[in-house]
1. Evaluate the range 149-156: report whether one residue or more is of a type outside the set (S, T, N, Q), within 17 Å of the chain's Cα centre (by Cα), over 22 Å from A219 (Cα atoms) and surrounded by fewer than 21 Cβ atoms within 10 Å (Cβ to Cβ).
2. Regarding the range 197-208, can at least one residue be identified that is in contact with a Ser or Thr (Cβ under 7 Å, 6 or more places away or on another chain) and polar (S, T, N, Q)?
3. Note down all Cβ pairs under 7 Å where the first residue falls in the range 58-75 and is aliphatic (A, V, I, L, M), the second is part of a loop (DSSP other than H, G, I, E, B) and surrounded by 19 or more Cβ atoms within 10 Å (Cβ to Cβ), and they're at least six residues apart or on different chains.
4. Residues in the range 194-223 that are of a type in the set (A, V, I, L, M) and part of a loop (DSSP other than H, G, I, E, B): how many?
5. Would you tally the residues in the range 125-174 being assigned to a helix (DSSP H, G or I), among the aliphatic types (A, V, I, L, M) and free of Cβ contacts under 8 Å to residues at least 60 places away in the same chain?
6. Tell me which residues, restricted to the range 275-290, are open to solvent by less than 20 Å² (accessible area, probe 1.4 Å) and either polar (S, T, N, Q) or without any contact (Cβ under 8 Å) to a residue 24 or more places away in the chain (or both).
7. If I ask for residues that are under 21 Å from F57 (Cα atoms) and either part of a helix (DSSP H, G or I) or open to solvent by 30 Å² or more (accessible area, probe 1.4 Å) (or both), which ones from the range 224-243 would you list?
8. List the number of the failed condition for A91; all other conditions in (1) over 30 Å from Q202 (Cα atoms); (2) among the aliphatic types (A, V, I, L, M); (3) touching a helix residue (DSSP H, G or I) at 6+ places or on another chain (Cβ under 6 Å) hold.
Amino acid sequence: MRQRNEARKHRIITAVVLVALVATAIVTTVASAGPATPAATTIKVGLITKDVTNPFFVKMKQGATAEAKKRGAQLVYAAGKSSSDNASQIAAIENMTTAGVKGILITVADAKAENAAIAKARKAGVLVIALDSPTNPTTATDALFATNNFNAGVLIGKYARAATKGKTVTIAMLDEHAGSSVGKLRHDGFLKGFGIKGNNKQITCVGNGQGQVAPSQTAMENCLQKNPDIDVVYTINEPSAAGAWTALKSAGKSKSAVTIVSVDGGCAGVRNVKAGVIDATSQQYPLLMASKGVAAVVNYAKTGTKVSGYTDTGVNLIAGKAVVGVTSKNVAYGLANCWG
């Protein structure tokens, strides 16, 4: 009898121990698994440029795409139909905000037209960084990554003044379009560098070439009709300079008879410096602007830290022939650092 009781007691103890072990295993398994966590969400970064054809914006998109891939982010891209297409940019800002981007990089078509849409995006928690073209006021965006466009204009203005050796000249200025912040900065910088005011009598014509070849050719043709003696031409960018040269060449002008200056530093533009079509250009670095912008958005998405203020991405004057008193780099440097 005593043996049966001992056996029964042993079985009960064994069963209790087994139940305890199973319970402990279940608790340990749940604890090690931890609370359920959602799958990691890919960070979306928006990029909006003025158009899709300008080599400057093509390179900017390439830089943003490469940096997004490097950081495991997704680039969402949109562009206007032209450099003055505010409506498409505004729609893109709204669509990207709805799509859940953490930040938007934008080269604004107009200094003020996109501000209301940008404000809504920022209120929704989107980091907005202007690339190349600042808004007015600059505080409409969280930050600006750009060449100092005023200084870029000053450089080519100084070059044109030195190259023409202080003589009285006849100037044509081909801007982008009314309302372009980057256009105004470069225009005013050129005047400062050349040492004249906007109402100076040497300026015989101011036209808008939209930063594109064909419209700039037309604008230059119109300027030549006003005054065929034009011998200095300021252009907003290198596609504009190419269009201006076509008009000048058709009018019988030689390369040596006209001083053409510009801004961008794209490969096609630097090759035109080498060919003597453009005398000097201020080289900027759109890939750097875009890559820094993407990095800033990804950092914001991960840490909540917003970049702010102005980041100067640099500028160098590229000249076919150096002139006294103006610091410049040669065509070889320009080609080694060009884009597009």
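1. yes
2. We begin by selecting, within the range 197-208, every residue in contact with a Ser or Thr (Cβ under 7 Å, 6 or more places away or on another chain); these are 202, 204.
Next, only the ones that are polar (S, T, N, Q) stay: 202, 204.
Among the residues of the range 197-208, at least one is in contact with a Ser or Thr (Cβ under 7 Å, 6 or more places away or on another chain) and polar (S, T, N, Q), which makes the answer yes.
3. V58/G340; A73/I43
4. Residues in the range 194-223 being of a type in the set (A, V, I, L, M) and part of a loop (DSSP other than H, G, I, E, B): 1 in total.
5. Of the residues in the range 125-174, the ones assigned to a helix (DSSP H, G or I) are 138-140, 149-163.
Those left that are additionally among the aliphatic types (A, V, I, L, M): 140, 152, 154-156, 160, 162-163.
Among the residues that remain, those that are also free of Cβ contacts under 8 Å to residues at least 60 places away in the same chain are: 140, 154.
Counting residues in the range 125-174 that are assigned to a helix (DSSP H, G or I), among the aliphatic types (A, V, I, L, M) and free of Cβ contacts under 8 Å to residues at least 60 places away in the same chain gives 2.
6. Listed by number, the residues that qualify are T281, S282, Q283, Q284.
7. E238, P239, S240, A241, A242, G243
8. (3)
The values are calculated or read from the model by the stated rules, or taken from the named source; none is laboratory data. All of these numbers come straight from a predicted model, not from anything done at the bench. FYI the Cβ positions are ideal-geometry reconstructions off the backbone, even for glycines, and counts take in every protein chain you see. Protein only, heavy atoms only, side chains kept; ligands, DNA and RNA dropped before computing areas. Shrake-Rupley method; radii C 1.70, N 1.55, O 1.52, S 1.80 Å.
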